[in-house]
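The values are calculated or read from the model by the stated rules, or taken from the named source; none is laboratory data. Since this is a predicted model, take the numbers as computed values, not measurements. Cβ placement follows ideal geometry from the backbone for every residue including glycine, while neighbour counts extend to all protein chains displayed. We work out accessible area using only protein heavy atoms, side chains counted, and drop any ligands, DNA or RNA first. Shrake-Rupley method; radii C 1.70, N 1.55, O 1.52, S 1.80 Å.
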Amino acid sequence: MREIYADVIIDISHEAIDRVFQYIIPEKLEGDVTVGCQVNIPFGRGNSMRKGYVIGISEKAEYDRNRIKPIASVCTDGVAVESRLLSLAGWIKERYGSTMIAAIQTVMPVKKTVKSVVTRYVVLKVDDIDSCEYRYLKKNAKAKLRLIRALKNRDVIPMSEVTGKLAVSSQAVKAMENEGVIEVTESSSYRRVTTDSMENADDREEIILNDIQRKIADEFCSDIDNGIRKTYLLHGVTGSGKTEVYVRCIRKVIEEGRQAIVLIPEIALTYQTVRYFTRYFGDRVTFVNSKLSSGEKYDQFERAKKGEVDVVIGPRSALFTPFERLGLIVIDEEHEGSYKSDNPPKYHARDVALERARVEGASVILGSATPSIESYSRAMAGEFRLWTMNNRAADRPLAQTSIVDLREELRRGNRSIISDELALDIADRLQKKEQVMLFINKRGYNSFVFCRSCGESVKCPHCDVSLAKHIDRNPHGRLICHYCGYSIPEPTVCPSCGSKLIGGYGAGTEKVEQEVNRLFPEARTLRMDRDTTSKKNSHEQILESFGRGEADILIGTQMIVKGHDFANVTLVGILLADLTLFNGDYRSGERTFDLLTQAAGRAGRGDKPGKVLIQTYKPDNYAIVAAADQDYDMFYKTEEAYRSFMRYPPAWNMLVIMAVGGDEEQLANIMDRMYSLIRGKYINEKKLSLVGPSDPAISKIKDMYRKVLYIKHQDYDVLVDIKDSVENWLRDIDESGVNVFFDFNPMNMY
């Protein structure tokens with residue numbers, strides 16, 4: 001008798017069992033067990049039931065037939081991982097280091113099947129409605145009479161209206177149904193995620209392109225017609241009209257019967273991006289992000305799988321939309337660090353998008369006013385096709401930029417976070433009824449609370465970080481840990497020495513808001529940071545309010561400087577440009593240049609000229625000067641030379657191995673042994689650089705100690721081989737309580 005076997009990965013994210021187990025597919029399940037489906041299987045000596053994912057099917061038994069157990073059942077509430085996404089999960093596991101189950105769960109933004117929304121209706125069944133009305137009138141059946149009279153005008157009424165507005169009980173409805181007068185029907189529907197303000201289905205527009213936009217779009221369309229699929233880097237200054245190019249390219253893909261994914265770096269961009277795309281594609285557009293419920297996300301992926309939408313918009317996880325005929329992936333603001341996952345597997349959406357496009361025969365467009373050094377270097381090497389747009393659409397000029405030296409402000413006695421020049425400019429814009437955006441890349445009130453007597457800051461007892469000050473009903477505010485959430489009322493004396501010389505230092509969005517209200521009490525302000533956008537639709541509500549002109553000044557972190565388009569914003573103030581410049585990170589120059597350039601791009605996007613004011617203690621720094629001049633080429637040449645000299649990506653590749661554990665001594669021991677393993681095995685690799693093990697900048701979070709090892713080599717595959725060696729070694733040793741993570745070409749140093 002022919003038997004069929006399934007290769008199954010157990011749904012437990014632990015390295016010790018991160019391997020394939022073979023199970024028999026019972027005859028009764030042969031049609032139901034497919035690659036990617038979730039199954040219930042007996043596991044271990046006690047045959048306890050576990051869930052797993054089928055990653056392969058064959059007719060060959062790899063083990064003793066008598067030792068192979070049968071699959072118990074197929075999970076009816078589990079979401080199937082399509083075979084191509086399953087293959088992508090395997091690629092992610094190998095390239096970034098993780099368990100296979102963790103990689104599978106990464107490509108599954110929705111883990112379980114969610115029941116559809118069911119709407120019940122009352123439907124009229126009889127033709128002679130007058131006789132029914134007479135009968136209920138004679139019997140004084142008031143509730144039934146109300147319903148039959150309502151059905152005179154409408155044949156179908158929602159059950160919610162029947163039991164609500166008409167006040168007809170469910171018992172009365174059931175009785176009328178038994179009498180054959182009405183019928184109760186059900187209809188399944190998708191959960192709606194778009195709002196009325198997002199949708200413009202009745203306002204469909206034609207795309208109007210200028211000469212350079214048309215030339216780029218025509219080249220893409222020609223490539224599609226000729227069966228050419230490649231990666232394009234669209235380098236366009238802020239306001240140059242990159243989105244119009246995306247729309248034209250997506251339209252071409254849809255004409256070919258295929259679909260598109262549009263990645264955005266911030267949830268805050270969802271509202272305006274969806275609203276823009278519905279102008280061209282109507283209700284064939286949807287979005288997914290972490291603010292949606294599991295049911296809402298499930299419905300959008302089901303719509304995509306069934307071909308009921310053509311475009312899905314969202315941050316990183318939208319990359320795994322289960323389209324059957326994916327034709328194009330657009331990554332807007334491709335330089336953004338948010339495209340790199342913070343949790344294992346620490347994949348980069350850009351690189352995973354390139355792999356998915358390769359497998360599915362799709363194209364990729366990377367767009368940015370400030371392309372990442374990695375992408376631009378690949379374009380310079382000919383790996384990507386470079387498109388350049390140097391001018392704003394409609395020939396609008398770039399905003400005028402001014403640099404304020406904060407050292408001079410201090411010498412003149414101005415200790416406010418608002419410089420004299422910025423204060424004058426804000427007053428001018430308020431008088432003209434124009435809008436202002438103030439950007440500071442720090443939420444909260446103060447960066448930390450510090451004692452001038454003993455020199456100690458107030459730290460979190462569970463994490464190796466200073467507590468940040470926030471304002472609440474307590475007149476002294478609260479101190480909060482941004483890593484674990486620990487909080488205490490702000491102390492009036494130093495916890496270390498008892499001195500009263502304790503106070504907050506640095507500044508965040510809350511302090512900026514307080515200072516703006518002090519200087520301009522007549523101004524209407526809005527604040528947008530992680531604290532004010534924690535609720536569902538809060539991003540949309542703040543941006544809609546500002547767009548309607550209900551506020552004069554929008555204060556926020558980096559979420560306000562990415563891609564937003566407000567025609568009446570004529571002034572952008574960048575309050576502390578140095579916050580990202582001195583954070584001990586080899587990407588700090590690039591991150592500073594990106595943020596300043598993107599922030600500058602928010603001013604003067606309408607018909608009125610714009611101004612950008614950069615406040616800094618380092619006015620001569622190359623990143624700040626280049627951002628003020630909007631000179632990407634100058635910045636790229638300087639930054640690329642620095643990266644090459646210091647052996648940083650993209651000139652070299654880097655692997656960070658981090659170990660986390662509750663026992664500091666055990667942690668140090670395992671990292672020392674790991675160092676010896678790598679040094680011994682790769683002693684002949686002359687181009688290998690190995691630094692550590694050492695403490696990261698934050699050596700403890702949530703009472704867990706951390707150690708890191710930095711490894712650099714020009715060849716990425718050598719680092720993958722080192723990762724594989726460490727993973728194999730970890731399987732052979734018994735070091736419970738220690739978790740090891742891998743991060744290739746990290747976006748942030750540890």
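Pull up the stretch 654-673, narrow it to residues that are farther than 30 Å from ILE624 by Cβ and not in a helix (DSSP H, G or I), then point me to the one that is most open to solvent (accessible area, probe 1.4 Å). Full working, then the answer.
So in the stretch 654-673, the residues farther than 30 Å from ILE624 by Cβ come out as 655, 657-673.
This time we only want the ones that are not in a helix (DSSP H, G or I), so: 655, 657-663.
Numbers: LEU655: 0, ILE657: 0, MET658: 15, ALA659: 0, VAL660: 23, GLY661: 1, GLY662: 45, ASP663: 77 Å².
It comes out as ASP663.
Inside the stretch 278-302, can you point out the residues that are farther than 29 Å from LYS115 by Cβ and open to solvent by less than 40 Å² (accessible area, probe 1.4 Å)?
Scanning the stretch 278-302 gives a single hit, TYR280.
Quick one: GLN714 ticks every box in (1) out of contact with any Gly (no Cβ under 9 Å at 6 or more places or on another chain); (2) open to solvent by less than 80 Å² (accessible area, probe 1.4 Å); (3) within 24 Å of ILE92 (Cα to Cα); (4) not small (Gly, Ala, Ser) except a single one, so which number is it?
Of the numbered conditions (1) out of contact with any Gly (no Cβ under 9 Å at 6 or more places or on another chain); (2) open to solvent by less than 80 Å² (accessible area, probe 1.4 Å); (3) within 24 Å of ILE92 (Cα to Cα); (4) not small (Gly, Ala, Ser), the odd one out for GLN714 is (2).
In the stretch 56-72, what count of residues is obtained for those that are under 41 Å from the mean Cα position of the chain (by Cα) and open to solvent by less than 40 Å² (accessible area, probe 1.4 Å)?
3
Considering only residues that are open to solvent by less than 60 Å² (accessible area, probe 1.4 Å) and part of a loop (DSSP other than H, G, I, E, B), which ones fall in the stretch 40-55?
Residue satisfying the conditions is GLY44 alone.
Would you please name the residue that is farthest from ILE129 (Cα to Cα), looking only at residues in the stretch 151-183 that are touching a strand residue (DSSP E or B) at 6+ places or on another chain (Cβ under 6 Å) and aliphatic (A, V, I, L, M)?
MET159
Filtering the stretch 102-123 down to residues that are in contact with a strand residue (DSSP E or B) (Cβ under 6 Å, 6 or more places away or on another chain) and surrounded by fewer than 22 Cβ atoms within 10 Å (Cβ to Cβ), which residue is farthest from TYR716 (Cα to Cα)?
Here the residue is VAL123.
Which pairs do you get when a residue that is within 19 Å of ASP663 (Cβ to Cβ) and modelled with pLDDT under 85, found in the stretch 723-737, comes within reach of a residue that is open to solvent by 30 Å² or more (accessible area, probe 1.4 Å) and not in a helix (DSSP H, G or I), reach meaning Cβ atoms under 7 angstrom, with the pair 6+ apart or on two chains?
As it stands, the answer is GLY737/GLY662; GLY737/ASP663, since those pairs meet every condition given.
Kindly establish whether GLU59 is over 30 Å from PHE744 (Cα atoms) and without any contact (Cβ under 8 Å) to a residue 12 or more places away in the chain.
Spelling it out, it is not the case that GLU59 is over 30 Å from PHE744 (Cα atoms) and without any contact (Cβ under 8 Å) to a residue 12 or more places away in the chain.
Going by the structure shown, is ASP620 over 27 Å from the mean Cα position of the chain (by Cα), outside any helix (DSSP H, G or I), surrounded by fewer than 16 Cβ atoms within 10 Å (Cβ to Cβ) and in contact (Cβ under 8 Å) with a residue 12 or more places away in the chain? Show your work before the answer.
Numbers: over 27 Å from the mean Cα position of the chain (by Cα): yes; outside any helix (DSSP H, G or I): yes; surrounded by fewer than 16 Cβ atoms within 10 Å (Cβ to Cβ): yes; in contact (Cβ under 8 Å) with a residue 12 or more places away in the chain: no.
Answer is no for this residue.
For the stretch 674-699, what are the residues that are open to solvent by 50 Å² or more (accessible area, probe 1.4 Å) and either touching a residue at least 24 places away in the same chain (Cβ under 8 Å) or at positive phi (or both)?
Within the stretch 674-699, TYR675, LEU677, LYS681, GLU685, LYS687, ALA697 qualify.
State all residues of the stretch 528-546 that are surrounded by 22 or more Cβ atoms within 10 Å (Cβ to Cβ), outside any strand (DSSP E or B), at pLDDT 80 or above and not aromatic (Phe, Trp, Tyr); if no residue qualifies, say none.
ASP529, ILE542, LEU543
Hey, can you tell me all the residues within the stretch 560-570 that are open to solvent by 20 Å² or more (accessible area, probe 1.4 Å) and either part of a helix (DSSP H, G or I) or of a type in the set (S, T, N, Q) (or both)?
Correct list: ASN568 only.
Could you please let me know if LEU595 is modelled with pLDDT under 85 and within 30 Å of PRO696 (Cβ to Cβ)?
No.
I'd like the full set of residues that are within 27 Å of ASP552 (Cα to Cα) and either open to solvent by 10 Å² or more (accessible area, probe 1.4 Å) or β-branched (Val, Ile, Thr) (or both), limited to the stretch 576-594. Walk me through how you get there before you give the answer.
Kept after step one, since they are within 27 Å of ASP552 (Cα to Cα), are these residues of the stretch 576-594: 576-580, 592-594.
The answer is LEU576, ASP578, LEU579, THR580, THR592, ASP594.
Among GLY556, GLY549, GLY573, which is the only one that is open to solvent by less than 10 Å² (accessible area, probe 1.4 Å), of a type outside the set (Phe, Trp, Tyr) and more than 23 Å from the chain's Cα centre (by Cα)?
Being open to solvent by less than 10 Å² (accessible area, probe 1.4 Å), of a type outside the set (Phe, Trp, Tyr) and more than 23 Å from the chain's Cα centre (by Cα) holds for just one of GLY556, GLY549, GLY573, which is GLY573.
Kindly establish whether ALA651 is open to solvent by less than 20 Å² (accessible area, probe 1.4 Å) and in contact (Cβ under 8 Å) with a residue 24 or more places away in the chain.
Judged against the criteria, ALA651 is not a match.
If SER116 satisfies every condition in (1) out of contact with any Pro (no Cβ under 9 Å at 6 or more places or on another chain); (2) at pLDDT 85 or above but one, which is the exception?
(2)
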